[in-house]
Amino acid sequence: MIDLFSDTKSRPTHAMRAAMATAEVGDEAAFEDPTVTALCERVAALLGKEAALFAPSGTQCNQIALAVLGRPGEEVVCDRSAHIACFEAGGVGANAGLNLLTLDGDRGRFTATQLRAALRTPMRHAPKQTVLAVEQTSNLGGGAVWPLAQLTDVCAVAREHGMSTHMDGARLLNAAVASGVSAADQAYDFDSVWLDFSKGLGAPVGAALAGSREFIERAWVVKQRLGGAMRQAGIIAAGALYALDHHVERLADDHRRARRLADGLAGLPGLLLDPATVETNIVFFSLDRARIGFDASELSRRLAARGVRIGAFDGTTLRAVTHLDIDDAGIDMALEVMADCLRL
Ligand SMILES: *Cc1c(COP(=O)(O)O)cnc(C)c1O
C-alpha cells in the first residue's frame, strides 16, 4: 500500500524501535524519566524557550496551552481552517471554556490587517480576546508556510491588544526545513509552541509543548488534569529523540516528493491544482467533476483498490501527504495508478 493519507501513517523504523527498546526510563509524572527530561531540554533549546513538557499528542498540547493562556468566556482568534477549530472535538470550548473567533485567511494564513479588523472594542458585553493562535505549517492550507514577517506582524498586533500568542507547530520543522528560518526564530514571538513527533518526524507517539518556565509549571497542572501525566514514557520519548537526530533534514525529501507528485498530478487531465502552492509535504488537489464523471470519494475508492491511499475531503477535493514511508518509487506508482483510475 502506498499510503498518502497522512504523515501520521509512517511506522517507526527498526533503528528507532531499537532506540526505544533500550531507552533509560523512570516515572515521568515524578520527573524521574531521564529520557523524557532529555527530550524536554532538547525541545526547549530547539524552540528557544525556557522549558518544555512531553505530552501524548499534539491535540493535548493545544488544549493545555489554550487552557493556560485563556480564561473561560474569553476568546481565541485563529484561522477558520485551524486544527483547534475543526478537529479537536470542540475541546477549546469543552476543556478551556474559550470562545473561538475564526478568520478567513489565505490557505490558513491571515494578515495583521485581517487580525486588526477582527479585534473587538473592549467592553463588558464582548468576550475578552486573550489568545492569538496560528498553525505552522497550515494543515488545511495545504502545508502553506507562514513567512517570518507575517508571524512577527500578527504577533505585534496581538501584543498591542494585550493578547497572548500560541503556535500550533505540529509541522513547524517542515516549515523550518522548507524556509531555512530556524524553528526558534519562528517561535520567538510566541508564548507557547509545540512540535508533533508523530507526523513527518515519524515517531509512533508524542508531542512536546514549550514556553517560559512559569508557563510550563501552569501547563503541568492542566496536563495532570487531562490525564496526560505518564509513567515510563522514556520508551516513547526515545522515539522522539531519535526522530530529532535522524528525521529532520530528511523532511526536505518529503517536500521534494510532494512537489513531484503535484507536478505529475497537475499534468493529468481532469485534476486541478497549482504545483507552485506546494511548499512542504501536503498536496491538496481537486477533481473536475464535469470532465471525470465521478466524485472524489469514488476516485479515492478506485485508488485504494489499486493500492494507493489518498483521502477525499469533500465531493471534489483530495489530500495526499508525503512522509518517511513514501519513496520515489511510491510517487511514481501513485502517479501511474492515478492516471489509470482517471481513464477508467
Ligand atoms: C495533527 C495535528 C494536530 C494534532 O496532533 P495529534 O498529535 O494528532 O493530536 C494539531 N494541529 C495540527 C496542525 C495537526 O496537523
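For segment 201-215, taking the residues that are part of a loop (DSSP other than H, G, I, E, B) and out of contact with any Pro (no Cβ under 9 Å at 6 or more places or on another chain), the one that is surrounded by the fewest Cβ atoms within 10 Å (Cβ to Cβ) is identified as Ser212. Of everything in segment 102-125 that is in a strand (DSSP E or B) and open to solvent by 40 Å² or more (accessible area, probe 1.4 Å), the residue that is nearest to Val145 (Cα to Cα) is Asp106.
Checked against (1) free of Cβ contacts under 8 Å to residues at least 40 places away in the same chain; (2) of a type in the set (Val, Ile, Thr); (3) assigned to a helix (DSSP H, G or I); (4) touching a strand residue (DSSP E or B) at 6+ places or on another chain (Cβ under 8 Å), Thr152 meets all criteria but (4).
Are any residues in segment 54-78 over 23 Å from Thr111 (Cα atoms), within 12 Å of the ligand (Cβ to nearest atom) and in a strand (DSSP E or B), and if so, which ones? Matches in segment 54-78: Ala55 only. Report yes if Pro56 is open to solvent by 20 Å² or more (accessible area, probe 1.4 Å) and touching a Lys or Arg at 6+ places or on another chain (Cβ under 9 Å), otherwise no. No: the conditions fail for Pro56. Taking every residue in segment 126-142 that is free of Cβ contacts under 8 Å to residues at least 12 places away in the same chain and part of a loop (DSSP other than H, G, I, E, B) and pairing it with any residue that is open to solvent by 10 Å² or more (accessible area, probe 1.4 Å) and within 15 Å of the ligand (Cβ to nearest atom), at least 6 positions away or on another chain, yields no pair with a Cβ-Cβ distance below 9 Å. When the criteria are applied in full, Ser81 fails the requirement of being outside the structural domain of Asn139 (by TED's automatic domain parsing) and either more than 16 Å from the ligand (Cβ to nearest atom) or not charged (D, E, K, R) (or both). Within segment 216-248, if we keep just the residues that are assigned to a helix (DSSP H, G or I) and closer than 16 Å to Gly169 by Cα, the residue that is most open to solvent (accessible area, probe 1.4 Å) turns out to be Leu244.
The condition of being in contact (Cβ under 8 Å) with a residue 40 or more places away in the chain, open to solvent by less than 40 Å² (accessible area, probe 1.4 Å) and part of a helix (DSSP H, G or I) holds for only one of Asp168, Asp185, Asp254, that being Asp254. Here Trp146 meets each of (1) under 24 Å from Cys40 (Cα atoms); (2) within 15 Å of the ligand (Cβ to nearest atom); (3) not polar (S, T, N, Q) with one exception, condition (1). In the set Arg71, Arg80, only one residue is open to solvent by 60 Å² or more (accessible area, probe 1.4 Å), without any contact (Cβ under 8 Å) to a residue 60 or more places away in the chain and in contact with an Asp or Glu (Cβ under 8 Å, 6 or more places away or on another chain); that residue is Arg80.
The values are calculated or read from the model by the stated rules, or taken from the named source; none is laboratory data. None of the values given here were measured: they were computed from a predicted structure. Here the Cβ is made from the backbone with ideal geometry for all residues, glycine too, and neighbour counts use every protein chain on show. Note: accessible area is taken over every heavy atom of the protein model, side chains too, but ligands, DNA and RNA are not part of it. Shrake-Rupley method; radii C 1.70, N 1.55, O 1.52, S 1.80 Å.
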